[in-house]
Amino acid sequence: MKIIFKTILVSLILSTGVIAETFTEALQKAFKNNSELNAERENLNVSEEDLKVSRSNYLPSVTLSGSKSQVDTNKLTNQSGSDAAISDTDPTTKSLTITQTLVDFGRGADYEKKTIGIDVAKAKLLKKEQDILYSTVEAYTGLILANEKLNINRANVNLLERQVETDQIKLERGQNTLSDVAQSESSLAGARAKLIQAENDFLTSKLNYENIIGPLADPETLEKKSIFDINLPTDLNSAINKSKLTNPDLIIAQLEYEQSTKDTYEAKSDLAPSATLSLDRTYTDDLSSTYDERERDTIKATVSWPFYSGGKNFATIRKSKSLETQKKLLLEDMIKRNETLVASAWSSYQSNKSLLNSVQSQVRAAEIANEGIVAEYNSGSGRTTLDVIQSNALLLNAQISLADSERNYILSQFNLLKSIGLLDSNYLNIN
């Protein structure tokens, strides 16, 4: 049975040539292939390597070196001025040096800063992921909306073309006037202009879709029903409280402030002492005319304490403190803006939900009214061409408003999710 079903499915695909692209598939394509998102992933890799570089400050360094010299003495005299015997040597030197930093107050701050840097990179990746996924939602719903408007306007043009034909026939029978025909022709011309605009909007939406998500063979294959419901907070307070933990902008502001405190500590460490210990083992061959080989071990402990460097250190400390204050103020501002953004997104979601219900009722009423007016017009019950045209226009506007409202309601849901910080691949389950 499964084999038969697969055979039928393959036949259908081959016959149609296209496969419907669901909302989930579009999100997955953008999540995996978007260039901006992939670039941000590389930034996370950079931060991880920065941490490894910082960790190396705690480990010893090992240096191997060697040299080969050739000495040619052209003249050599004694104290008395007489020539001395020349004995040239060609020394070869090999050395191994191991150096370990014992005390450096700045390396701890640098390591902690780089550790925070990984969390910053993750938060920035989440922010970019939210931006791309929301753009994907806009592109997917935007192309569906453009296609719906195109079909509505195309149907309206066909309807008005038939209306013009009907009015011309009635005019020939003396059941209509020339002004009635002119009204129908005027409405048809206006409908054709709107159709051209709808075609242009459709083309623009398709290009935007392909730019964000990827190539699309047939926009008609997009499935509006595939746009899944998302789990949203039940009230505004829950949304705000959740956003305090998950909003990437707020997380980034908090982490950057923490990094600035490490910068200040690191700047202060430039005025603190540091200590290193090194071991140098050297082997020299053909050292001189008297000595052939020499092996030497040198252990050296070095302590340094900078007191003054032209005021550079103190200026760096003051600069770091100012930057720390700046990051703290930005964090406080972000905390306030976060609540405002979530509240605004929540309000937009609620208003779009109510508006959608109203427009749905408007469309149902407009359809009933239009059917009745057209039926009365065709039966000759006193309805005029103007009545029919106005009824068609009201129905057309209601249908377009419904398409707009449905998209705005979808966008408001995902915008609320984005403001909270939950518009990511894990929450949407698109990994």
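The values are calculated or read from the model by the stated rules, or taken from the named source; none is laboratory data. These numbers come from a predicted model, not from an experiment. With ideal geometry, Cβ positions are generated from the backbone for all residues, glycine too; neighbour counts draw on all protein chains shown. Areas reflect the complete protein model, heavy atoms only, side chains present, ligands, DNA and RNA absent. Shrake-Rupley method; radii C 1.70, N 1.55, O 1.52, S 1.80 Å.
Points worth noting:
- On a per residue basis, the stretch 386-431 carries 37 Å² of accessible surface, using protein heavy atoms and a 1.4 Å probe.
- Helix-only [θ]222 nm of the chain, DSSP H runs n ≥ 4, -39500 (n - 2.57) each, per residue, nearest 500: -24000 deg cm²/dmol
- Spin-label pair Val53/Asn158, simplified geometry with 7 Å Cα→Cβ offset, distance in nm: 6.4
- Calculated accessible area for the stretch 74-200 comes out at 53 Å² per residue, all protein chains present (probe 1.4 Å; ligands, DNA, RNA ignored).
- Here the relative contact order of the chain, from alpha carbon pairs under 8 Å that lie six or more residues apart, stands at 23 percent.
- Of (i) -0.50, -0.63, -1.40; (ii) -0.40, -0.52, -1.39; (iii) -0.75, -0.85, -1.28, the label for log10 I(q)/I(0) by the Debye sum over Cα atoms at q = 0.08, 0.09, 0.14 Å⁻¹ derived from the coordinates: (iii)
- Paramagnetic reach from Val303 (point 7 Å along Cα→Cβ, amide N under 17 Å) across the stretch 36-75: none
- In the chain, the portion of solvent-accessible area held by carbon and sulfur atoms comes to 53 percent [1.4 Å probe, whole percent, DNA, RNA and ligands not counted].
- Distance from the alpha carbon centroid of the stretch 348-391 to that of the stretch 251-265 works out to 59 angstrom.
- Sum of side-chain charges, Leu188 neighbourhood, beta-carbon under 12 Å (Lys, Arg +1; Asp, Glu -1): -1
- The residues packed around Ile251, meaning those with a beta-carbon under 10 Å from its beta-carbon, carry a net charge of +1 if Lys and Arg are +1 and Asp and Glu are -1.
- A simple charge model with +1 on the Cβ of Lys and Arg, -1 on the Cβ of Asp and Glu and nothing else charged puts the dipole of the chain at about 880 debye relative to its Cα centre.
- Exposure of Asp180 as accessible area (Å², to 10), given a probe of 1.4 Å and all protein chains: 30
- Cβ crowding within 10 Å averaged over residues, with 265-272, 400-407 ranked highest first: 400-407, 265-272
- Förster radius 41 Å - calculated FRET efficiency between Ser238 and Lys312, Cβ distance, rounded to 0.05: 0.20
- Efficiency of FRET from Cβ geometry, Lys75 and Ser35, R₀ 60 Å, rounded to 0.05: 0.30
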